[in-house]
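Scroll down for the structure; my scribbles are underneath it.
Every number here is computed from the coordinates shown, using simple stated rules; none is lab data. Everything numeric in this text was worked out from a predicted model, so none of it was measured. Every residue, glycine as well, gets a Cβ built from its backbone with ideal geometry; the counts of neighbours run over all protein chains shown.
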Amino acid sequence: MSHSKNSSDLGFYWPYIAFIVVLILVSAGIGFFLGRYTGSTNSPTIFKSGPAGEGMVKVSPLFKIQTALAQGKITAVNNSSVSIQDDKNQIGSFPLSKNFTVYNQDAQNKNILKASYEVKDIVLNKIAAVNLKVEDGQYKIITITYLNPASSSATSKK
């Protein structure tokens with residue numbers, strides 16, 4: 001003998017099934033709107049005002065290395081920082097990393113760059129590509145590479 005359920009037996013469960021489906025949809029909607037419109041306190045990168053107006057960077061634990069590239073004329077140097085002026089006359093000052101490197105053209109062969117690790121080899125009023133890396137919550141200069149006039153004018157016109 002086969003036992004079959006008639007549709008009136010299932011009718012008893014429909015209000016409960018409908019209630020559960022509606023509850024799930026309402027919960028998902030509330031979760032979406034709360035997450036979407038309240039914002040997250042764990043944003044990956046936050047720029048905020050630091051000491052003396054310097055930009056401080058909070059990095060995400062997802063980032064292994066965070067770098068930046070600036071191109072411009074070196075306008076000022078002291079033992080711990082360098083000022084750079086770009087082609088739009090914007091000026092920024094950045095601290096030097098403990099292990100910074102300066103690449104200047106070789107005196108005998110202009111196609112060869114010589115590495116230096118001393119502040120005295122940073123040349124004023126010359127166009128340079130400056131690589132920065134986030135260290136201790138702020139961008140610090142890791143390399144300064146002086147560009148020959150032909151390559152710096154070609155890249156600044158892009």
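Quick one: check the C-alpha center-to-center distance for the stretch 99-141 versus the stretch 64-94, whole angstrom.
One Cα centre to the other: 11 Å.
For 140, 114, what ranking results if the residue with the fewest other Cβ atoms within 10 Å of its Cβ goes first?
So the residues, fewest neighbours to most, are 114, 140.
Using θ = phi - 60° and the Karplus curve 6.51 cos²θ - 1.76 cosθ + 1.60, what whole-Hz ³J(HN,Hα) does each residue of the stretch 138-145 get, with Gly and Pro shown as x?
These are the phi-based 3J(HN,Hα) values: 9, 6, 10, 6, 9, 9, 10, 10 Hz.
Got a sec to turn the phi values of the stretch 121-127 into Karplus ³J(HN,Hα) couplings, 6.51 cos²θ - 1.76 cosθ + 1.60 with θ = phi - 60°, whole Hz, x for Gly and Pro?
Going residue by residue, I get 8, 7, 9, 7, 6, 10, 6 Hz, with x marking Gly and Pro.
Could you tell me which of the pairs 110/133; 73/114; 98/126; 64/98; 73/98; 73/120 are separated by over 26 angstrom between their Cα atoms in the structure shown?
Violating the 26 Å limit, Cα to Cα: 110/133.
How much net charge surrounds residue 147 when only the other residues with a Cβ under 12 Å from the Cβ of residue 147 are counted, with Lys and Arg +1 and Asp and Glu -1?
Result for the local shell: +3.
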